[in-house]
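A short write-up of the structure that comes next.
The values are calculated or read from the model by the stated rules, or taken from the named source; none is laboratory data. The shown structure was predicted, so the numbers you read here are calculated from the model rather than taken from an experiment. Every residue, glycine as well, gets a Cβ built from its backbone with ideal geometry; the counts of neighbours run over all protein chains shown.
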Amino acid sequence: MAAVGYVRVSSVDQNLARQLEGMKLDRVFEDKVSGKDTKRPALQEMLLYVREGDTLHVHSIDRLARNLVDLRKLVETLNSKGVIVTFHKEALTFSPDQSNPMSVLMLNMMGAFAEFERSMIRERQREGIAAAKAQGKTTGRPNALTTVQAAIIRERAFAGESKTKLASEYSVTRSTVYAVLNNCSERDI
């Protein structure tokens, strides 16, 4: 019977320290990725690791899943393996041998709120991008090459120079060089 922890933050620069701080755990699985789905390396590893009689400790419901379907499926999967799931912030525990209707209701409500919050974040992000574009600001990653550099690379590549050499000279990847070559029209040649 192991005490297992699962902690998650959405990006690499965020800190995991406050989650499950001070708890004595046998093993902790850490993800630094979005909770939008269950395709997370540490989550998948944890699901394979836990055994009957283990207790999974999670700081809060939204750390385990950001949508209600995934949340319910994860808790059900863990319980079917004989694993107890405890959410500390919400003070909810789900065990395989008992089903508390109030806990199930709270899980569904909190999961729905987490899903709603994620939808609102995505909507605000789309609005921000649209507003930036309306103001004429560019969004996304900046181009690796200027238009002049791209033209020179095209000219030299079509003259027979090595694409690997050109990529190295301009400090870009070969795929960037090929993208420059693929994005030119007949009149550019």
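Some points to look at:
- Odd one out for A112 among (1) among the small types (G, A, S); (2) outside the structural domain of R8 (by TED's automatic domain parsing); (3) assigned to a helix (DSSP H, G or I): (2)
- Some residue of the stretch 42-59 being out of contact with any Asp or Glu (no Cβ under 7 Å at 6 or more places or on another chain), of a type in the set (G, A, S) and at pLDDT 90 or above: yes
- Where A150 falls short, out of the listed (1) surrounded by 11 or more Cβ atoms within 10 Å (Cβ to Cβ); (2) under 29 Å from the mean Cα position of the chain (by Cα): (2)
- The residue that is surrounded by the fewest Cβ atoms within 10 Å (Cβ to Cβ), counting only those in the stretch 90-120 that are farther than 16 Å from L68 by Cα and either touching a Lys or Arg at 6+ places or on another chain (Cβ under 9 Å) or at pLDDT 85 or above (or both), is A91.
- Hey, K89 touching a His at 6+ places or on another chain (Cβ under 7 Å) and farther than 15 Å from A3 by Cβ or not: yes
- Every residue from the stretch 76-98 that is closer than 17 Å to L48 by Cβ and in contact with a strand residue (DSSP E or B) (Cβ under 7 Å, 6 or more places away or on another chain): L78, N79, V83, V85
- Some residue of the stretch 93-112 being closer than 26 Å to V12 by Cα and of a type in the set (S, T, Y): no
- Failed item, numbered, when V83 is tested on (1) buried (at least 20 other Cβ atoms within 10 Å of the Cβ); (2) closer than 26 Å to Q14 by Cβ: (2)
- Among (1) over 22 Å from the mean Cα position of the chain (by Cα); (2) surrounded by 14 or more Cβ atoms within 10 Å (Cβ to Cβ) - the single one T173 does not satisfy: (2)
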